[in-house]
Amino acid sequence: MGIAKRIGVLLGAGVLGCMAGWAAENLTPLDVKLGYWETTVTTVRTGAQTVPPELLEKMTPEQRARLEERLKASQGPQTHVTKRCVTKEDLNKSFGAYVENPACKRTIVTSTSSRQEFQIECTERGMASTGTVRVEAIDSEHITGKTKMSTSRSGQPITIDMTISSKWLDATCPAPEPAVKK
């Protein structure tokens, strides 16, 4: 999974708890409520979506068709909605795997109780990615944000834009679903 996609997954899975949790890294946590939150992330990828010819040569016609379908589908906006419980413990965690990834560096631009912004620079598997993440606590129950990542594959530029919206749902989190035995 590429850095830009990994960041999108992390943002979608828990932008609130993670963003608020930067206090351990000398960031001011966002002033938001604890409890059950819903986050909507809309991602738009633009730019090259090519596959190296040597990889295509190794694929069956069925694999090629599936890959082409996935590449075509990834060009339009994709929206993902997640819900998660944000606890006090979450507020003390770092942002996520890419921060701990030695291939990535984060530079804080702004850190207040209502707004956070940082730059990201990653180099992994011969690909360099750069980007900006901005998050704002509109009030204690609403967060908005934007992320823009740029990278290139086979010398072709790729841009990933994400719009983030989180809203507080309830002070009480639902009980976890029981595990289903198979």
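The values are calculated or read from the model by the stated rules, or taken from the named source; none is laboratory data. Just so you know, these numbers come straight off a predicted model, no measurement behind them. In this analysis, Cβ positions are derived from the backbone assuming ideal geometry, glycine residues included, and neighbour counts consider all displayed protein chains.
Yes or no: Glu136 of a type in the set (D, E, K, R), buried (at least 17 other Cβ atoms within 10 Å of the Cβ), closer than 17 Å to Lys33 by Cβ and under 18 Å from the mean Cα position of the chain (by Cα)? Spelling it out, Glu136 is indeed of a type in the set (D, E, K, R), buried (at least 17 other Cβ atoms within 10 Å of the Cβ), closer than 17 Å to Lys33 by Cβ and under 18 Å from the mean Cα position of the chain (by Cα). Scanning the range 139-177 for residues that are surrounded by 14 or more Cβ atoms within 10 Å (Cβ to Cβ) and either among the β-branched types (Val, Ile, Thr) or in contact with a Pro (Cβ under 8 Å, 6 or more places away or on another chain) (or both) yields Ile143, Thr144, Thr147, Ser150, Thr151, Ile158, Thr159, Ile160, Thr163, Ile164.
Return yes when Leu67 is out of contact with any strand residue (DSSP E or B) (no Cβ under 7 Å at 6 or more places or on another chain), surrounded by 14 or more Cβ atoms within 10 Å (Cβ to Cβ) and modelled with pLDDT of 70 or more and no when it is not. In short, yes. Filtered by the rule that a residue be in contact (Cβ under 8 Å) with a residue 40 or more places away in the chain and closer than 17 Å to Met162 by Cβ, the range 50-83 gives His80, Val81, Thr82.
Taking first residues from the range 163-182 that are closer than 28 Å to Gln78 by Cβ and touching a residue at least 40 places away in the same chain (Cβ under 8 Å) and partners that are among the hydrophobic types (A, V, I, L, M, F, W, C) and part of a loop (DSSP other than H, G, I, E, B), the Cβ contacts under 8 Å between residues at least 6 apart in sequence or on separate chains come to Trp168/Val32. The set of residues in the range 14-44 being under 30 Å from Gln156 (Cβ atoms) and modelled with pLDDT of 85 or more consists of Thr40, Val41, Thr42, Thr43, Val44. The residue that is surrounded by the fewest Cβ atoms within 10 Å (Cβ to Cβ), among those in the range 112-133 that are touching a residue at least 24 places away in the same chain (Cβ under 8 Å) and in contact with a Phe, Trp or Tyr (Cβ under 8 Å, 6 or more places away or on another chain), is Ile120.
Taking the criterion of being under 23 Å from Val86 (Cα atoms), among the small types (Gly, Ala, Ser) and not in a loop (DSSP other than H, G, I, E, B), the residues of the range 98-156 that qualify are Ser111, Ala137, Gly145. Could you grab me the full set of residues in the range 77-97 that are in a loop (DSSP other than H, G, I, E, B), closer than 16 Å to Met149 by Cβ and at pLDDT below 60? Within the range 77-97, Phe95, Gly96 qualify.
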